[in-house]
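Structure record follows, encoded as structure tokens.
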């Protein structure tokens with residue numbers, strides 16, 4: 001809980017999530033992802049949870065996700081687009097082709113992507129010039145790069161009673 005909680009709190013803060021946002025959470029049933037679903041929902045946002053398989057989708061739904069999508073299916077991003085159009089925020093941890101599709105879902109002019117991992121073993125794939133041309137933000141978050149003081153602050157926020165279900 002300490003490491004994953006601090007990461008989840010830090011990612012949510014980096015994304016500056018607002019109640020009117022629609023947020024795509026990748027790996028939504030994993031350690032950090034399950035916390036992100038709860039924190040993002042608590043912030044008032046609409047949560048699109050992406051995970052692999054029915055069991056993980058059911059976990060994300062129980063945690064408060066508004067829409068669950070299996071991102072191992074080839075048309076997963078089209079299903080997201082059909083459900084919500086675009087998303088203001090992507091919480092990116094998968095990398096590879098998933099990151100490209102997620103990037104393409106960002107709302108031009110206001111979209112924000114926070115990259116905090118690469119569980120596929122492949123770096124995120126999108127054209128850096130597209131960031132500029134679409135007017136979106138891409139932010140990196142790495143808890144290992146934080147100062148001890150900032151990490152302690154995130155740890156306190158992450159373990160405070162009542163933050164997650």
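The values are calculated or read from the model by the stated rules, or taken from the named source; none is laboratory data. Here the structure is a predicted model, which means the values were calculated and not measured. Please note: Cβ atoms are built from the backbone with ideal geometry, for glycine as well, and neighbour counts cover all protein chains shown.
Just give me the residues in the stretch 72-106 being modelled with pLDDT under 95, in a loop (DSSP other than H, G, I, E, B) and surrounded by 17 or more Cβ atoms within 10 Å (Cβ to Cβ), in sequence order.
93, 94, 95
Right, residue 109: over 22 Å from residue 37 (Cα atoms) and at pLDDT 90 or above or not? Steps first, please.
Working: over 22 Å from residue 37 (Cα atoms): yes; at pLDDT 90 or above: yes.
Yes; evaluated as a whole, the condition is true for this residue.
Conditions (1) buried (at least 23 other Cβ atoms within 10 Å of the Cβ); (2) out of contact with any strand residue (DSSP E or B) (no Cβ under 9 Å at 6 or more places or on another chain); (3) modelled with pLDDT under 95; (4) under 19 Å from residue 113 (Cα atoms), marked per residue:
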site: 12; (1), (2), (3), (4): yes, no, yes, yes
site: 25; (1), (2), (3), (4): yes, no, no, yes
site: 36; (1), (2), (3), (4): yes, no, no, yes
site: 49; (1), (2), (3), (4): yes, no, no, yes
site: 59; (1), (2), (3), (4): no, no, no, no
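Which one of 31, 44, 140, 64 is free of Cβ contacts under 8 Å to residues at least 60 places away in the same chain, closer than 20 Å to residue 9 by Cα and touching a strand residue (DSSP E or B) at 6+ places or on another chain (Cβ under 9 Å)?
Numbers: 31 fails: touching a strand residue (DSSP E or B) at 6+ places or on another chain (Cβ under 9 Å); 44 fails: touching a strand residue (DSSP E or B) at 6+ places or on another chain (Cβ under 9 Å); 64 fails: free of Cβ contacts under 8 Å to residues at least 60 places away in the same chain.
Going through 31, 44, 140, 64 in turn, the sole match is 140.
How many residues are crowded, with 16+ Cβ neighbours inside 10 Å, in a helix (DSSP H, G or I) and at pLDDT 90 or above when one looks only at the stretch 132-163?
Final tally of qualifying residues: 1.
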